[in-house]
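Asker: Pasting a structure here, questions to come.
Just so you know, all these numbers are worked out from the coordinates, no wet-lab data involved. Since we're looking at a predicted model, the values are computed, not measured. Glycine also receives a Cβ, built like all others from the backbone with ideal geometry; neighbour counts cover every protein chain displayed.
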Amino acid sequence: MTWQLHAACRDADPALFFPDGHDASAVVRQTVERFCRRCPVVVPCREAGKDEYGVWGGQIAGGGEGDHGTRSTFNNKGCRCRLCVDANNEFFRVRRRLSAEGAARLEALVDEYQGTAS
């Protein structure tokens, strides 16, 4: 796990990432704000912690307030953190690429049909 050496939170108090009780959502928001939004290794962190407890890559186990880095959080909760904005931008980038590929494929089929219809 060499990605941990590059984590924005590497020197932070571990208690910030393992909240319990009714304060969990506030702790998660503060943690995400302070560390995860500016972290260069948020994706491998999220992957490493997907089956764990605590805050990992801007998310908390079971979703909830710390569920950052998703398009649905961007749309449904209005979150504009770097993780959610990046997820939304990636969705549209992929959608544009798939649309362009589909248009090119359709054009090739039309050209092929026109070539055989002559």
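Asker: Compare the peptides 82-94, 35-47 by average per-residue count of other Cβ atoms within 10 angstrom and give them in order, highest first.
Answerer: Sorting 82-94, 35-47 by mean packing, highest first, produces 35-47, 82-94.
Asker: Ok, one more. What distance in nm lies between label points placed 7 Å from Cα along the C-beta direction at residue 112 and residue 30?
Answerer: So the two model labels end up 6.1 nm from each other.
Asker: Right, another one. May I ask you to evaluate 6.51 cos²θ - 1.76 cosθ + 1.60, the Karplus curve with θ = phi - 60°, for each residue of region 83-92 and list the ³J(HN,Hα) values in order in whole Hz, giving x for glycine and proline?
Answerer: Residue by residue, region 83-92 yields 5, 6, 4, 4, 5, 5, 5, 5, 4, 6 Hz.
Asker: Same structure again: Please label the shape of region 69-118 as rounded, prolate or oblate, based on the square roots a ≥ b ≥ c of the eigenvalues of the alpha-carbon gyration tensor (a/c under 1.5 means rounded; beyond that, a/b larger than b/c means prolate, else oblate).
Answerer: Because a/c hits 1.5 or more and a/b exceeds b/c, region 69-118 counts as prolate.
Asker: Quick one: which residues, 5 or more positions from residue 55 or on another chain, have an amide H under 5 Å from its amide H? H modelled 1.01 Å from N in the peptide plane, none for Pro or chain starts.
Answerer: Excluding prolines and chain starts, which carry no amide H, the hits are 18.
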